[in-house]
Ligand code: ATP
Ligand code: MG
Ligand code: MG
Ligand code: MG
């Protein structure tokens with residue numbers, strides 16, 4: 001079937017609507033009342049309130065397409081075919097209503113029925129938790145061949161505090177050509193990672209609550225929560241080599257080609273990684289800023305800063321001069337308009353924030369890269385192949401290079417970064433800041449005593465300089 005990403009998203013939601021589910025809108029990427037999470041990283045992360053019983057939904061059957069950010073996948077982006085920082089997780093949820101049999105029967109119907117996805121059952125493989133024979137039986141009952149059901153120890157879903165339990169994952173066999181892809185092109189697919197069997201869907205039979213103290217408490221009522229990566233499903237429908245050659249990412253890649261003017265996508269696997277990183281990160285920062293986060297040195301803000309700066313360095317590799325990333329914001333807005341109209345509406349504001357962060361980094365970028373390249377030459381000459389902690393810290397503190405960026409940049413040259421040394425330098429700086437604050441406090445106190453002013457003005461100034469600015473909207 002030839003379907004657009006919008007049609008596929010809608011088809012998923014419509015299918016579960018036809019099974020009595022209510023469609024929930026995509027929630028903000030910024031968790032509400034949940035200090036355990038930096039970003040919403042799955043559909044279920046927004047539904048904890050229903051699963052732990054603190055809120056009762058009008059309908060125990062819910063479905064959504066949830067924008068999600070996973071920082072643990074930042075380094076995979078561009079290197080694997082399937083990982084993004086921001087992706088959409090399609091999901092269906094049962095809050096103490098239906099359980100394993102229905103979840104599996106409906107999953108099979110959605111995937112294989114001609115009326116819906118219409119995928120070839122031969123291409124589908126299921127994994128199950130070895131102790132979960134019920135799941136195995138349920139798959140056999142709907143007609144999955146026994147040799148397409150695989151037991152796997154790690155099929156236990158756990159996102160920290162919240163619902164957890166055994167799960168069953170669905171893989172799509174992309175065919176032999178994808179075996180070769182990994183073997184012929186280890187550069188593009190590190191570790192020769194097999195890209196042939198693509199994990200598209202995870203169905204979680206959540207029966208425990210992962211408590212703050214680390215224990216697992218059986219839930220009074222069993223739940224279903226599932227997660228299907230929209231971008232991966234789109235890559236299957238659109239017969240794309242990776243998630244990127246789809247209608248979700250090509251518009252940003254094409255815009256980047258024209259901003260580069262010289263380099264084309266598909267010309268060199270190494271440069272393709274840069275195109276992919278830029279396309280991916282442009283989405284993540286656009287959505288994150290649209291949801292109220294801002295670049296900074298802490299928490300969420302640091303992630304945005306890291307993504308913007310990584311994209312900028314990749315732009316350099318494509319020969320792009322000056323700020324450019326902000327120009328992709330409106331492209332992202334248009335691509336996502338059907339389901340997320342608010343992004344395009346806010347795109348002027350978002351682009352302004354991105355541009356000012358780009359401008360800021362561009363001020364030190366050329367000098368920073370010069371220093372970094374010199375360090376690389378030096379360490380190659382003295383054969384230590386290591387950037388020490390002080391230099392990594394100088395790159396961070398003076399030139400705005402997140403240490404992860406330095407690491408990635410030098411990795412290509414077979415050079416390591418002393419991250420422990422970097423942390424030591426970071427601690428030293430924090431100490432200096434703490435001491436400075438100590439002195440200021442003492443002074444403030446003195447001033448208090450002397451002039452009897454409760455809030456000396458320099459005290460406020462100090463806070464403005466150092467307070468974590470991630471929460472500033
Ligand atoms: P993988 O093993 O490929 O990293 P996962 O097992 O970590 O995926 P889950 O936590 O099971 O993923 O999430 C449910 C679904 O969300 C996955 O089956 C996949 O389709 C999608 N997904 C997970 N992480 C990403 C990502 N970084 N980018 C795009 N889609 C993702
Ligand atoms: Mg993963
Ligand atoms: Mg997995
Ligand atoms: Mg999984």
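The values are calculated or read from the model by the stated rules, or taken from the named source; none is laboratory data. Source: prediction; values computed, not measured. Glycine also receives a Cβ, built like all others from the backbone with ideal geometry; neighbour counts cover every protein chain displayed.
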- Message: Looking only at the range 62-82, filter to residues that are crowded, with 19+ Cβ neighbours inside 10 Å, more than 17 Å from residue 5 (Cβ to Cβ) and in contact (Cβ under 8 Å) with a residue 60 or more places away in the chain; which one of those is nearest to ligand 2 (Cβ to nearest atom)?
- Response: 80
- Any chance you could count how many residues in the range 120-139 are within 27 Å of residue 237 (Cβ to Cβ) and out of contact with any strand residue (DSSP E or B) (no Cβ under 7 Å at 6 or more places or on another chain)? 4
- Of these, 38, 62, which one is outside any loop (DSSP other than H, G, I, E, B) and assigned by TED's automatic domain parsing to the domain that holds residue 98? 62
- Failed condition for residue 53, given (1) outside any loop (DSSP other than H, G, I, E, B); (2) over 26 Å from the mean Cα position of the chain (by Cα): (1)
- Out of (1) assigned to a helix (DSSP H, G or I); (2) farther than 16 Å from residue 255 by Cα; (3) in contact with a strand residue (DSSP E or B) (Cβ under 7 Å, 6 or more places away or on another chain), what's the single condition that is false for residue 339? (1)
- Would you check if residue 294 is touching a helix residue (DSSP H, G or I) at 6+ places or on another chain (Cβ under 8 Å) and either at pLDDT below 90 or closer than 25 Å to residue 114 by Cα (or both)? no
- Item | Count - residues of the range 92-115 that are assigned to a loop (DSSP other than H, G, I, E, B) and either in contact with a strand residue (DSSP E or B) (Cβ under 7 Å, 6 or more places away or on another chain) or crowded, with 23+ Cβ neighbours inside 10 Å (or both) | 5
- Message: Which count do you get for residues in the range 264-295 that are surrounded by 19 or more Cβ atoms within 10 Å (Cβ to Cβ) and out of contact with any strand residue (DSSP E or B) (no Cβ under 6 Å at 6 or more places or on another chain)?
- Response: 19
- residue 44 vs. criteria farther than 22 Å from residue 286 by Cα, within 11 Å of ligand 1 (Cβ to nearest atom) and more than 13 Å from the chain's Cα centre (by Cα): yes
